[in-house]
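*Asks:* Dumping the structure here so I can ask a few things about it.
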Amino acid sequence: MRNRKGRGVTLVELLVALGLVALVLASVVSIYAFSLRTFQVVRAESVATDEAHFAAMYLRRRLINALEITTAESQRLAFVVPVKDPDTGLFVTPLTAGDEYTVYLSDETGSLAASGPVLWMAVNGIPYRRLAQGVQSLTFAYSPSPENPLTIRLSLTVQGTEGPRSQTRSVWVSVRPPNLNR
């Protein structure tokens, strides 16, 4: 055996070391890219789910108090809720008509005349709150019948986007307001 003290590495040793470093780096980059894609998909799903569920539950809480449905179109619903006492925030009895809420699709401005992928709620004709964005479909169904009296159905599909990834989520809510048209 020769003594290699003071001598450098051979070309073959250097090439083997560089090849191993390249393999390790390729593995790290591949794992990072996979993790980023997974994060984007999960984040897009989360955004879509959060938007859809928030809008559906917010509308459910408002619709449960409806006294009257004033407009029932497939993509627009207007309803009247009872008057609230300004001091307590509770409904005044006997129940009398108060504010009219309108739920509709519009653009970023919330204009009742525009259309777009943003779900809005207006109070007495004035845009009040953006409920969801990225809405792909919105359907209201309200047709009282003997089999299905006074039930309002809402179906909502929202698209969530994160980077180049997008996911859609659909929710539906069925509400039977106890004071509707009494």
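Coordinate-derived values only; no laboratory data. Quantities reported herein were computed from a predicted structural model and do not represent experimental measurements. Because the Cβ atoms are built from the backbone with ideal geometry, glycine has one as well, and the counts that use them run over all protein chains shown.
*Asks:* Could you give the size of the charge dipole of segment 74-182 about its Cα centre, using +1 on the Cβ of each K and R and -1 on the Cβ of each D and E, expressed in debye and rounded to the nearest 20?
*Replies:* Rounded to the nearest 20 debye, it is 280 debye.
*Asks:* Where the centroid of each part is defined by its Cα atoms, how far is segment 150-164 from segment 34-108 in Å?
*Replies:* Here the answer is 12 Å between Cα centres.
*Asks:* Each label point is 7 Å from the Cα along the Cα-to-Cβ direction; what then is the distance between the points at residue 7 and residue 85, in nm?
*Replies:* About 9.9 nm, to one decimal.
*Asks:* Can I ask one more? With the crude spin-label approximation of a point 7 Å out along Cα→Cβ, what separation in nm comes out for residue 61 versus residue 25?
*Replies:* It works out to 5.4 nm between the two label points.
*Asks:* Hey, another quick one. When N counts the residues of segment 35-175, how does its alpha-carbon radius of gyration compare numerically with 2.2 N^0.38 Å, as a ratio?
*Replies:* Numbers: Rg = 16.7 Å, N = 141, 2.2 N^0.38 = 14.4 Å.
Normalised Cα radius of gyration, segment 35-175: 1.16.
*Asks:* If you don't mind, another one. Measuring from label point to label point, each 7 Å out along Cα→Cβ, what is the residue 37 to residue 137 span in nm?
*Replies:* Distance between label points: 2.9 nm.
*Asks:* Do me a favour and compute the ellipsoid semi-axes for segment 5-76 from its Cα gyration tensor, root of five times each eigenvalue, largest one first, whole Å. Please report the intermediate quantities before stating the final value.
*Replies:* Working: eigenvalues 834, 20, 5 Å².
So the three semi-axes of segment 5-76 are 65, 10, 5 Å.
*Asks:* Moving to a separate point now. To the nearest 20 debye, what charge dipole does the chain have about its Cα centre, counting +1 at the Cβ of each Lys and Arg and -1 at the Cβ of each Asp and Glu?
*Replies:* Using Cβ point charges on Lys, Arg, Asp and Glu, the chain gives about 1240 debye.
*Asks:* Among 21, 8, 121, which residue has its Cα positioned farthest towards the positive end of the charge dipole of the chain, with +1 placed on the Cβ of Lys and Arg, -1 on the Cβ of Asp and Glu, and the dipole taken about the Cα centre?
*Replies:* 8
*Asks:* Using Cα pairs closer than 8 Å and at least 6 residues apart in sequence, work out the relative contact order for segment 35-175, in percent.
*Replies:* Values: 306 pairs, mean separation 37.2, N = 141.
Over segment 35-175, the number comes to 26 percent.
*Asks:* A follow-up question, please. Defining a contact as two alpha carbons under 8 Å apart and six or more residues distant in sequence, what relative contact order in percent does segment 85-147 show?
*Replies:* 22 percent
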